[in-house]
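Engineer: Encoded as structure tokens, here's the structure I'll be asking about.
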Amino acid sequence: IMELLDPEFNITLADLEERYPIKFQFPNVILEEIKQFQIDVDEAYDFTYQDAVTIDGKGSKCLDDAIYIEKNNDGTYTLYIHIVNIPGLIPYNSLTREEASRRGETLYLSDRIIPAYPDIISDYYCSLLPDCVRSTQTSIYKLDSNFNLDEDSYQLVKGKISTKYRITYEEADKRLANLTDDSLDQILEQLSLFAAVIRRMNRKKEQYRELQNAIEFFTNNQKYAWKGWCFANEKDDQKQ
């Protein structure tokens, strides 16, 4: 943030490590330990038959959630939200988990990310990549024929999935604008109808997201100033 506000401000990685209890590199012993891990899918519900889809930003590597919806014979729907199950890979008493506990969380700086786990975990072993079996914590909801959520139907189970589709938000929008009869388009259409119901139920949250999406940060070395509720380019003073 300081570098954005003051072009002359500079701080080194060594300065950051000394000032805060963070480390940019992982010890070799942890990188070696990870090679021994096995994904635990014992006693898990088998959801590998589903055409589950991940929807993320362009360039995203850590695909930590997937979604699937199916229509039931009585006209209702079942919604599955699959979240990657990190304990299904990383043992509780491992050095890797202890190191993640010391780090506390993944830190997102203006120009870099300091992860809680090595990239091989977040981008591969615990990423819901297509055609790769992964352990999940799966939330299951029932929806009525109008896509209203039955909160009392909620279940949380240990599952295993192998996602079929990996798309971006832009690809999802394009498909929704030109729907066909294929499996992915049908899933996206049903999810879109459900999302519309949720938005109507929580308008304040939706207004916050609209404002959040309007605020964009630029990294092309141009100087920007705060103008009301968005950043504006000082060269032409036009809202971005």
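Engineer: What do you reckon, is Ala14 of a type in the set (Gly, Ala, Ser) and in contact (Cβ under 8 Å) with a residue 40 or more places away in the chain?
Structural biologist: Considered against the rule, which asks whether it is of a type in the set (Gly, Ala, Ser) and in contact (Cβ under 8 Å) with a residue 40 or more places away in the chain, Ala14 comes out as no.
Engineer: In this structure, does Glu18 turn out to be open to solvent by 60 Å² or more (accessible area, probe 1.4 Å), at pLDDT below 90 and either closer than 22 Å to Val157 by Cα or among the charged types (D, E, K, R) (or both)?
Structural biologist: The answer is yes for Glu18.
Engineer: Can you name every residue in the range 40-63 that is assigned to a loop (DSSP other than H, G, I, E, B) and among the charged types (D, E, K, R)?
Structural biologist: Passing the criteria: Asp40, Asp42, Glu43, Asp51, Lys58, Lys61.
Engineer: Report, by residue number, each residue of the range 22-45 that is farther than 22 Å from Ile120 by Cα, open to solvent by 40 Å² or more (accessible area, probe 1.4 Å) and touching a residue at least 60 places away in the same chain (Cβ under 8 Å).
Structural biologist: Selection gives Glu43, Tyr45.
Residues are listed down the side, and each one gets a yes or a no for (1) farther than 13 Å from Asp64 by Cα; (2) surrounded by 15 or more Cβ atoms within 10 Å (Cβ to Cβ):
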residue: Leu79; (1), (2): yes, yes
residue: Ile90; (1), (2): yes, yes
residue: Glu99; (1), (2): yes, yes
residue: Arg103; (1), (2): yes, yes
residue: Tyr108; (1), (2): yes, no
residue: Ile113; (1), (2): yes, no
residue: Ala116; (1), (2): yes, yes
residue: Asp123; (1), (2): no, yes
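Engineer: Among the residues of the range 64-77, how many are open to solvent by less than 50 Å² (accessible area, probe 1.4 Å) and either outside any loop (DSSP other than H, G, I, E, B) or hydroxyl-bearing (Ser, Thr, Tyr) (or both)?
Structural biologist: 7
Engineer: Scan the range 63-90 residue by residue and report those that are of a type in the set (Asp, Glu) and in contact with a helix residue (DSSP H, G or I) (Cβ under 9 Å, 6 or more places away or on another chain).
Structural biologist: Asp64, Glu70
Engineer: Something else now. Let me confirm something: among Ile39, Ile83, Ile30, Ile69, which residue is closer than 30 Å to Leu184 by Cα and touching an Asp or Glu at 6+ places or on another chain (Cβ under 6 Å)?
Structural biologist: Values: Ile39 fails: touching an Asp or Glu at 6+ places or on another chain (Cβ under 6 Å); Ile30 fails: closer than 30 Å to Leu184 by Cα; Ile69 fails: touching an Asp or Glu at 6+ places or on another chain (Cβ under 6 Å).
The conditions single out Ile83.
Engineer: Just to verify a result, which residue in the range 46-63, among those that are open to solvent by 60 Å² or more (accessible area, probe 1.4 Å) and in contact with a strand residue (DSSP E or B) (Cβ under 7 Å, 6 or more places away or on another chain), is nearest to Arg134 (Cα to Cα)?
Structural biologist: Among them, the one singled out is Asp46.
Engineer: From (1) at pLDDT 95 or above; (2) open to solvent by 70 Å² or more (accessible area, probe 1.4 Å); (3) of a type in the set (Val, Ile, Thr), pick out the condition that doesn't hold for Thr219.
Structural biologist: Result: Thr219 passes all but (1).
Engineer: Assuming Thr78 fulfils every condition listed in (1) over 18 Å from the mean Cα position of the chain (by Cα); (2) among the β-branched types (Val, Ile, Thr); (3) at pLDDT below 90 apart from one, which condition is it?
Structural biologist: Among (1) over 18 Å from the mean Cα position of the chain (by Cα); (2) among the β-branched types (Val, Ile, Thr); (3) at pLDDT below 90, the lone unmet condition for Thr78 is (3).
Engineer: Name the pairs: first residue in the range 169-183 and more than 10 Å from Ile55 (Cβ to Cβ), second residue at pLDDT 90 or above, Cβ to Cβ under 6 Å, at least 6 apart or on different chains?
Structural biologist: Once the first residue is more than 10 Å from Ile55 (Cβ to Cβ) and sits in the range 169-183, its partners that are at pLDDT 90 or above give Arg175/Asp185; Arg175/Leu188; Leu176/Leu188; Leu176/Ser192; Leu179/Asp185; Leu179/Glu189; Ser183/Asp51.
Engineer: Consider Tyr68 against the criteria (1) over 23 Å from the mean Cα position of the chain (by Cα); (2) under 23 Å from Ser183 (Cα atoms): it satisfies all of them except one. Which criterion is unmet?
Structural biologist: (1)
The values are calculated or read from the model by the stated rules, or taken from the named source; none is laboratory data. Note that the structure is predicted; figures quoted are calculated from it, not measured. FYI the Cβ positions are ideal-geometry reconstructions off the backbone, even for glycines, and counts take in every protein chain you see. What goes into the accessible areas is simple: the full protein's heavy atoms, side chains included, and nothing from ligands, DNA or RNA. Shrake-Rupley method; radii C 1.70, N 1.55, O 1.52, S 1.80 Å.
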